[in-house]
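Asks: Mind having a look at this structure? Questions to follow.
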Amino acid sequence: MKLDAKTCLRVGITVFLLYLAIHYWPAAAGIGSMFFSAAMPLFLGVIIAYLVNILMTFYEKKLFGRAKEEVRLRAGRPVCMLLAFATLLVIVVFLLVLVIPELVSCVHVIISGVPKVVASFTRWCENQGILPETVADALAGIDWKSRMSDIAKVLTAGVGSAANVIVSTLTSVVSGFVTFVMALIFAIYLLLGKEKLKGQARKIAERYLKDTVRAKVLYVLRIVNDCFHRYIVGQCTEAVILGILCMLGMFLLRLPYATMIGALIGFTALIPVAGAYIGAFVGAFMILTVAPVKAVIFLLFIVVLQQMEGNLIYPKVVGSSLGLPALWVLAAVTVGGGVLGIPGMLLGVPLSAAAYRLLRNDVYGITEEFEEKE
């Protein structure tokens, strides 16, 4: 490798900047946090635009697929964008009115049902002679209802006086509303001018990146986009179908909490592989608090439903799915959940699927062809 003055200068500047970032890390982290907070509306706008673009592209293909490009952009684009936003609004209202209250009710049922289950289990162990008397007396002496209430208070209680809580809540609401409005405006501009932005990004890449580097970057972005697109569309569709089938099946079998558990199963189905076990366990525990025999019936029903979902629904809805083995799905869910909680579980799977596809294609020399997507 030939070292010239220009290369040495670049290396020196890079090392110097890296030294400054390490030595003054608190200040650098503060600047980064300030930049991230200031740019939050832009990041949120990109996320909104990406989600809306999936629906908008679908409507454009169905309603204006055969129209001329000029007609599609000037007349079809605003109409399809409004339809996409209206669809998302209906989904959000459905979640706020029906699904989220049912999930909150699930939490209350679980909290109120823990004392009953513990008491029943303790009595059964005493009758079988499994549990020592000292342990049984200690468990019997615990007021589980008050303990669960204390846990709920810790989880829901605020810090500080009532006035401070009200002021901070109002400030957060106003700030969040302003951020959302700015993000929404930015998303609309992105959607209306996405062809122009794509052309500008292509010109910048052609000017500053070599052909080989530009091709690799474009290839990676297309695979990541394909994984996220397939995950969002496939998993959301499957979650709705699975939640509805679970609710209808529980109504037919006359099982309790059909609406709550149906909403829970649909929500946890957004997490591949692990979500089914989470929803089944929580639903069985809820039914166990009122009818242990029906909890067994519910588990058998879930096993049958999961078999039908895995062999019929999932291949039809998601197709070849994400191409990620179940072992790596569980690893992605575990690591993502440990880092970012529920959002980490949802983001970890498509990101891991993209990394897996890139590594697999590189090892086996596979070249994927992509259709031009907007």
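Asks: Determine whether residue 165 is surrounded by 10 or more Cβ atoms within 10 Å (Cβ to Cβ), at pLDDT 55 or above, out of contact with any Lys or Arg (no Cβ under 7 Å at 6 or more places or on another chain) and assigned to a helix (DSSP H, G or I).
Replies: Here the answer is no, as residue 165 does not meet what is asked.
Asks: Which of the residues that make up the stretch 242-271 are of a type in the set (Phe, Trp, Tyr) and part of a helix (DSSP H, G or I)?
Replies: Answer for the stretch 242-271, where residues must be of a type in the set (Phe, Trp, Tyr) and part of a helix (DSSP H, G or I): 251, 267.
Asks: Could you check the stretch 293-374 for helices (runs of 4 or more DSSP H) lying wholly inside it with 1 or more residues that are in contact with a Ser or Thr (Cβ under 8 Å, 6 or more places away or on another chain) and modelled with pLDDT of 70 or more?
Replies: Helices (runs of 4 or more DSSP H) meeting the threshold: 326-340, 342-364.
Asks: When you check residue 15 against the structure, is it in contact (Cβ under 8 Å) with a residue 24 or more places away in the chain and out of contact with any His (no Cβ under 8 Å at 6 or more places or on another chain), yes or no?
Replies: Taking the combined requirement at face value, the residue does not satisfy it.
Asks: Under the condition of being hydrophobic (A, V, I, L, M, F, W, C) and over 17 Å from residue 288 (Cα atoms), which residue from the stretch 252-270 is modelled with the lowest pLDDT?
Replies: The first filter runs over the stretch 252-270 and keeps only residues hydrophobic (A, V, I, L, M, F, W, C), leaving 252-253, 255, 258, 260-261, 263-265, 267, 269-270.
Filter once more, keeping what is over 17 Å from residue 288 (Cα atoms): 252, 263, 267, 269-270.
On the way: 252: 92, 263: 84, 267: 82, 269: 81, 270: 78.
This residue is 270.
Asks: Pairs, please: C-beta under 7 Å, at least 6 apart or cross-chain, first residue over 16 Å from residue 251 (Cβ atoms) and in the stretch 289-312, second surrounded by 13 or more Cβ atoms within 10 Å (Cβ to Cβ) and among the charged types (D, E, K, R)?
Replies: Listed pairs, sorted by first residue: 289/116.
Yes/no matrix, rows are residues, columns are (1) touching a residue at least 60 places away in the same chain (Cβ under 8 Å); (2) of a type in the set (Gly, Ala, Ser):
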| site | (1), (2) |
| --- | --- |
| 176 | no, yes |
| 195 | yes, no |
| 207 | no, no |
| 250 | no, no |
| 267 | yes, no |
| 275 | no, yes |
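Asks: While we're looking at this one, here's another question. Among all residue pairs at least 6 apart or on different chains, which show Cβ distances below 9 Å where the first residue, located in the stretch 92-105, is at positive phi and the second is exposed (fewer than 14 other Cβ atoms within 10 Å of the Cβ) and in a helix (DSSP H, G or I)?
Replies: Listed by first residue and then by second, the contacts come to nothing, as the list is empty.
Asks: With respect to residue 51, determine if the residue is touching a Gly at 6+ places or on another chain (Cβ under 9 Å), part of a helix (DSSP H, G or I) and surrounded by 11 or more Cβ atoms within 10 Å (Cβ to Cβ).
Replies: no
Asks: Pull up the stretch 238-250, narrow it to residues that are among the β-branched types (Val, Ile, Thr) and surrounded by fewer than 16 Cβ atoms within 10 Å (Cβ to Cβ), then point me to the one that is nearest to residue 54 (Cα to Cα).
Replies: My answer is 240.
Asks: Picking from 200, 235, which residue would you name as being under 30 Å from residue 95 (Cβ atoms) and in a helix (DSSP H, G or I)?
Replies: From the options 200, 235, the qualifying one is 235.
Asks: Follow-up. Quickly run through the stretch 57-73 and pick out the residues that are more than 29 Å from the chain's Cα centre (by Cα) and either over 20 Å from residue 190 (Cβ atoms) or surrounded by 13 or more Cβ atoms within 10 Å (Cβ to Cβ) (or both).
Replies: 63, 64, 65, 66, 67, 68, 70, 71, 72, 73
Asks: Next up: Read through the list (1) surrounded by 11 or more Cβ atoms within 10 Å (Cβ to Cβ); (2) touching a helix residue (DSSP H, G or I) at 6+ places or on another chain (Cβ under 9 Å); (3) assigned to a helix (DSSP H, G or I), then give the number of the only condition that residue 32 fails.
Replies: Unmet for residue 32, out of (1) surrounded by 11 or more Cβ atoms within 10 Å (Cβ to Cβ); (2) touching a helix residue (DSSP H, G or I) at 6+ places or on another chain (Cβ under 9 Å); (3) assigned to a helix (DSSP H, G or I): (2).
The values are calculated or read from the model by the stated rules, or taken from the named source; none is laboratory data. Here the structure is a predicted model, which means the values were calculated and not measured. Glycine also receives a Cβ, built like all others from the backbone with ideal geometry; neighbour counts cover every protein chain displayed.
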